[in-house]
Amino acid sequence: MPPLKICPDCETPLGPTKKTRKRIIEDIPEDTTVEATEYVIPRHWCPCCKKHVEPKVAAALPKATIGNRLTSMTTVFHYGLGLTIDQTRQILLSPLQTRLSAGGLVQLWRRAAEILLPWYDQIASEAQHSATLHGDETSWRVDGKTHWLWCFCNHTNCYYFIDKSRGSPALKRFFTEAFKGVLVHDFWAPYESVVLERSGDHQCCLAHLLRELDNIDTRALPGKPPEQAASWRSFAKMLRRLTRDGIRLRRRPDFTPQRYASRINRINLRLATLAQAKHVDADASRLAKRLRRHVDQIFTFLDRPEASWENNLAEREIRPAVILRKNSQCNRSQHGAATQAVLMSVYRTLKLRGHDPLETIAEALSSHAATGRLRLCPRRQRQTAEELPSLTSRL
């Protein structure tokens with residue numbers, strides 16, 4: 001920068017510059033137009049095949065005029081960040097100064113989903129054979145009709161699929177064979193239909209149970225008669241203490257099921273006693289009935305340390321889909337729903353595994369365009385201490 005001649009504050013004349021300092025500023029240049037590259041493709045006559053042959057261009061899908069990197073970027077915008085089609089087109093138009101129609105974008109995404117379908121199947125297979133798996137579901141609309149978006153995830157996989165059913169038919173379509181790990185979920189009854197092997201277990205989310213206790217305290221308790229209110233307070237106090245005792249025990253640094261076997265047995269006995277007791281209050285009776293139905297699924301995390309006592313992981317992974325549902329109003333066709341499930345699953349799984357989805361998807365599309373084959377979905381780049389028990393249990 002040119003030196004000052006007068007002081008900007010008092011306009012006093014200044015002498016020669018004696019000191020300087022450095023300042024770094026990062027910005028986007030005004031001209032960020034997408035480059036158009038012309039490829040001169042040689043064509044050869046094959047006397048054996050009796051046809052012209054030519055090398056494949058890896059920069060774009062066959063017969064596509066949009067490159068793989070731009071295709072990957074729009075995929076991340078829509079299925080990863082939740083931007084609508086119009087918002088994606090606006091970003092392409094300014095600042096990238098690229099004009100694409102809505103139909104052109106949809107066609108690009110459909111082709112990308114077809115290529116990445118083996119990754120989608122691989123994610124499903126790894127989820128089905130994992131040591132722990134979290135499940136959750138939320139409503140979804142396809143062509144104006146109510147469907148359900150299911151999410152099954154752990155620390156390395158996130159698999160979505162959209163189905164008409166919220167019950168056991170959808171679960172049977174995903175769990176094509178007996179599950180060997182620990183399935184963590186809320187108290188929704190259809191999860192009981194999942195077939196488990198001898199080593200398989202259910203873990204019901206205790207966070208849901210504690211939240212329901214708080215909701216009843218806030219909404220229903222003030223209007224209860226004195227006798228029922230006393231019954232509810234007694235039941236809620238014992239259940240809170242019981243669940244928190246189990247969670248505190250699991251969080252001990254030296255915890256192992258063998259070391260604390262007697263304490264685990266006492267916690268299970270307290271749970272059975274509370275579930276079998278008679279209660280005057282209707283809410284207490286209803287929750288006691290739930291405890292009886294799931295008595296073997298409340299403290300699974302004490303016998304299986306790789307499992308979690310809450311289902312927050314599935315709720316966090318399904319939240320981006322809920323935000324996208326609000327922005328994009330779901331899907332207009334079954335083809336759109338299938339594309340949605342594939343590309344969302346690939347994006348979220350790559351994020352969980354520590355990869356840049358934009359770069360990874362672009363590289364995969366380029367590799368497929370050049371060779372006609374798709375390599376396996378890349379493995380996780382880093383591991384956290386939270387995952388080590390789960391990984392150890394699978395060895």
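The values are calculated or read from the model by the stated rules, or taken from the named source; none is laboratory data. Owing to the predicted nature of the structure, the values given are computational and were not obtained by experimental measurement. Cβ sites come from the backbone with ideal geometry, for glycine too, and all protein chains shown count toward neighbours.
Take the residues in segment 76-86 that are free of Cβ contacts under 8 Å to residues at least 60 places away in the same chain and assigned to a helix (DSSP H, G or I); name whichever of them is nearest to residue 174 (Cα to Cα).
Result: 77.
For segment 74-94, enumerate the residues that are surrounded by 18 or more Cβ atoms within 10 Å (Cβ to Cβ) and in contact with a helix residue (DSSP H, G or I) (Cβ under 6 Å, 6 or more places away or on another chain).
74, 75, 76, 77, 78, 79, 80, 82, 83, 85, 88
On the basis of being in contact with a helix residue (DSSP H, G or I) (Cβ under 9 Å, 6 or more places away or on another chain) and either in a loop (DSSP other than H, G, I, E, B) or more than 30 Å from residue 1 (Cβ to Cβ) (or both), does residue 58 make the cut?
yes
Say whether the condition of being in contact with a strand residue (DSSP E or B) (Cβ under 7 Å, 6 or more places away or on another chain) and of a type in the set (Asp, Glu) is met by at least one residue in segment 284-306.
yes
Of all residues being within 36 Å of the chain's Cα centre (by Cα) and of a type outside the set (Asp, Glu) in segment 18-37, which is farthest from residue 97 (Cα to Cα)? Just the residue, please.
Here the answer is 25.
Is it true that residue 310 is among the charged types (D, E, K, R), closer than 11 Å to residue 206 by Cβ and surrounded by 19 or more Cβ atoms within 10 Å (Cβ to Cβ)?
yes
Restricting attention to segment 41-75, which residues are more than 20 Å from residue 86 (Cα to Cα) and of a type in the set (A, V, I, L, M)?
41, 53, 57, 58, 59, 60, 61, 64
Please work out if residue 222 is touching a helix residue (DSSP H, G or I) at 6+ places or on another chain (Cβ under 9 Å), surrounded by fewer than 16 Cβ atoms within 10 Å (Cβ to Cβ) and farther than 26 Å from residue 125 by Cβ.
Against the criterion (touching a helix residue (DSSP H, G or I) at 6+ places or on another chain (Cβ under 9 Å), surrounded by fewer than 16 Cβ atoms within 10 Å (Cβ to Cβ) and farther than 26 Å from residue 125 by Cβ), residue 222 qualifies.
Check segment 16-31 and report whether any residue there is in a loop (DSSP other than H, G, I, E, B) and surrounded by 10 or more Cβ atoms within 10 Å (Cβ to Cβ).
Within segment 16-31, not a single residue is in a loop (DSSP other than H, G, I, E, B) and surrounded by 10 or more Cβ atoms within 10 Å (Cβ to Cβ).
For (1) basic (Lys, Arg); (2) in a strand (DSSP E or B); (3) closer than 22 Å to residue 357 by Cα, each residue gets a yes or a no:
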{"site": "2", "(1), (2), (3)": "no, no, no"}
{"site": "34", "(1), (2), (3)": "no, no, yes"}
{"site": "38", "(1), (2), (3)": "no, no, no"}
{"site": "42", "(1), (2), (3)": "no, no, no"}
{"site": "48", "(1), (2), (3)": "no, no, no"}
{"site": "52", "(1), (2), (3)": "no, yes, no"}
{"site": "72", "(1), (2), (3)": "no, no, yes"}
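Out of segment 167-192, which residues are acidic (Asp, Glu) and under 18 Å from the mean Cα position of the chain (by Cα)?
Matches in segment 167-192: 186 only.
Check residue 116 against each of (1) more than 19 Å from residue 320 (Cα to Cα); (2) out of contact with any Cys (no Cβ under 9 Å at 6 or more places or on another chain); (3) of a type in the set (A, V, I, L, M, F, W, C); (4) buried (at least 19 other Cβ atoms within 10 Å of the Cβ) and name the one condition it does not meet.
Here residue 116 meets the rest and fails (2).
Wholly within segment 264-331, which helices (runs of 4 or more DSSP H) include no fewer than the required count, namely at least 3 residues that are at pLDDT 95 or above and touching a Leu at 6+ places or on another chain (Cβ under 8 Å)?
282-293
Name the residue that is surrounded by the fewest Cβ atoms within 10 Å (Cβ to Cβ), counting only residues in segment 229-258 that are hydroxyl-bearing (Ser, Thr, Tyr) and part of a helix (DSSP H, G or I).
Checking each candidate, the answer is 234.
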